[in-house]
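Only one structure is covered here, and it is reproduced in the block below.
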Amino acid sequence: MQSEPPVWVLRLGHRPGRDERMSTHVGLTARALGADRVVFAGSADGPQKTVSDITGRFGGPFDVEARESYRPLLREWDGQVVHLTMYGLPIEDCESEIRAAHRSEPLLVVVGAEKVAGEVYDAADWNIGITNQPHSEVASLAVFLDRLFEGRELDREWTDAERTVVPQERGKRVERSE
């Protein structure tokens, strides 16, 4: 995955007080499943701090940032744009084409929170539905990233981790990293 162009996730429409957990989970899912950066559009100090803290404790590389507006990023993005929406084309019809494009170009994956402006649909190279039923943007992002990376994200190597989760059949085991 490291030799591929970057994947950024843009979280639109963070509503303070209402979307704290969901925005945090978008960031954590982006990090855990292979994206290189999450950008929170709007005032998302809580999620930004939480995802940065998790990255510090459990490793990276992964970048987190907040921007007042998503519009400049969407306008200036030098690569492909995928907008995850239940109104989009089925992922299974487009995933090969997206994967092929990502081999040579950066990818911006856009997930919304509230009603998404028409300009986002227009700016996207693909408007993709993971399913055309109401569901969570976190679930859409997880399925999309797994399809994009074909499961390789699950074997990702983490650097600069303070802690490491030790997989086991039962119980929880977290150790300090060496």
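The values are calculated or read from the model by the stated rules, or taken from the named source; none is laboratory data. Since this is a predicted model, take the numbers as computed values, not measurements. Here Cβ is always computed from backbone atoms with ideal geometry, including for glycine, and neighbour counts include all displayed protein chains.
Miscellaneous remarks
- Within segment 5-59, considering residues that are more than 9 Å from the chain's Cα centre (by Cα) and among the acidic types (D, E), the one nearest to E137 (Cα to Cα): D19
- Any helices (runs of 4 or more DSSP H) falling wholly within segment 60-178 and containing at least 2 residues that are within 17 Å of the chain's Cα centre (by Cα): 71-76, 91-102, 137-149
- If you go through segment 89-114 and keep only what is among the small types (G, A, S), out of contact with any helix residue (DSSP H, G or I) (no Cβ under 8 Å at 6 or more places or on another chain) and in contact (Cβ under 8 Å) with a residue 40 or more places away in the chain, you end up with just S104.
- Some residue of segment 97-110 being modelled with pLDDT of 95 or more and within 15 Å of V138 (Cβ to Cβ): yes
- For segment 9-49, the set of residues classified as modelled with pLDDT under 90, among the small types (G, A, S) and part of a helix (DSSP H, G or I) consists of G46 only.
- Of all residues in segment 59-73, exactly one satisfies the criterion of being of a type outside the set (G, A, S), modelled with pLDDT under 95 and crowded, with 16+ Cβ neighbours inside 10 Å, namely Y70.
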